[in-house]
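*Asks:* Pasting in a structure now, in structure tokens, and then I'll have a few things to ask.
Values in this text are rule-based calculations from the coordinates and carry no lab data. All values reported here derive from a predicted model rather than from experimental measurement. Because the Cβ atoms are built from the backbone with ideal geometry, glycine has one as well, and the counts that use them run over all protein chains shown.
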Amino acid sequence: MYFYQPSAGHGLPHDPLNAIIGPRPIGWIASQDAAGRRNLAPYSFFNCFNYRPPIIGFASSGWKDSVRNIVETGEFVWNLATRELADAMNETSASLPHGEDEFVRAGLTPAESQLVRAPRVAESPVNFECRLSQCIQLTTADGSPVESWLVLGEVVAVHIDEMLLENGVYQTAKANPILRAGGPSAYYTIEEAQRFDMIRPDAR
């Protein structure tokens, strides 16, 4: 077994952590500041943490525009990143000056949301409108602050392209979502052929 202590370095060509914990869904987060200037950025530390109410969250390494805007306005939108939108999503990861519009850079269309002021990505087949529930600065085990923030939001509205619903059931693979893997460039997709099913013991 290869063994290392993260505090002393991993000794490998690339940190294996995010390759081991992967692939991970993309937190493609749209927000805007109090002046209405839009921001759109992808985060690979993202997931869903609660059913009712639905709560999703992403972690930002550094106090970036997304975090600043969300804390300022209390709102954001998550957009599903698909294989068809991969290049546009990647463009929105560029480091731009505050106030420069990633929607414009990536050639994406901002769509009006129903319950929040932050825009949706019109080209994305699924959007979650969210209201901020918590913004937590992470700490080490000894309580020392880390320059990373966990942003949690309650999903207050959901938009789904009806083409992804079959008999009312959402088809995960049909959406062709992209997932972040390890290294500087690795992503994966999902295919129906990779699916398998298991029934939890308590449900048998």
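*Asks:* Would you mind counting up the charge near Val67? Only other residues with Cβ under 12 Å from its Cβ, with Lys and Arg at +1 and Asp and Glu at -1.
*Replies:* Value of the local net charge: -2.
*Asks:* How many angstrom separate the Cα center of region 57-73 from the Cα center of region 140-204?
*Replies:* Cα centroid of region 57-73 versus Cα centroid of region 140-204: 20 Å apart.
*Asks:* What order do you get for Val116, Val71 when you list them from fewest to most C-beta neighbours inside 10 Å?
*Replies:* The most exposed by this proxy come first: Val71, Val116.
*Asks:* May I ask which residue of Val126, Gly57, Thr92 lies farthest towards the positive end of the charge dipole of region 1-127, with charges of +1 (Lys, Arg) and -1 (Asp, Glu) on Cβ and the Cα centre as origin?
*Replies:* Projecting each Cα onto the dipole axis, the largest value belongs to Gly57.
*Asks:* Magnitude of the Cβ-charge dipole of the chain, K/R +1 and D/E -1, about the Cα centre, nearest 20 debye?
*Replies:* 340 debye
*Asks:* Using the Karplus curve 6.51 cos²θ - 1.76 cosθ + 1.60 with θ = phi - 60°, what ³J(HN,Hα) values do you get for each residue of region 76-87, in whole Hz, with x for Gly and Pro?
*Replies:* Those phi angles translate into 6, 10, 9, 10, 5, 8, 10, 4, 5, 9, 4, 5 Hz.
*Asks:* Related question: Only Cα pairs under 8 Å and at least 6 apart count here; give the relative contact order of region 24-203 as a rounded whole percent.
*Replies:* Here the relative contact order equals 23 percent.
*Asks:* Using DSSP to define loop residues, name the chymotrypsin sites (Phe, Trp or Tyr not before Pro) in region 36-139 whose beta-carbon has at most 10 other beta-carbon atoms within 10 Å.
*Replies:* Listed in order of number, the matching sites are Tyr51.
*Asks:* Convex hull volume of the Cα atoms in the chain, per residue, in Å³?
*Replies:* Convex hull volume per residue, Cα atoms: 180 Å³.
*Asks:* Among Arg200, Arg120, Arg38, Arg105, what is the fewest-to-most ranking by other Cβ atoms within 10 Å?
*Replies:* Fewest-to-most ranking of Arg200, Arg120, Arg38, Arg105: Arg200, Arg105, Arg38, Arg120.
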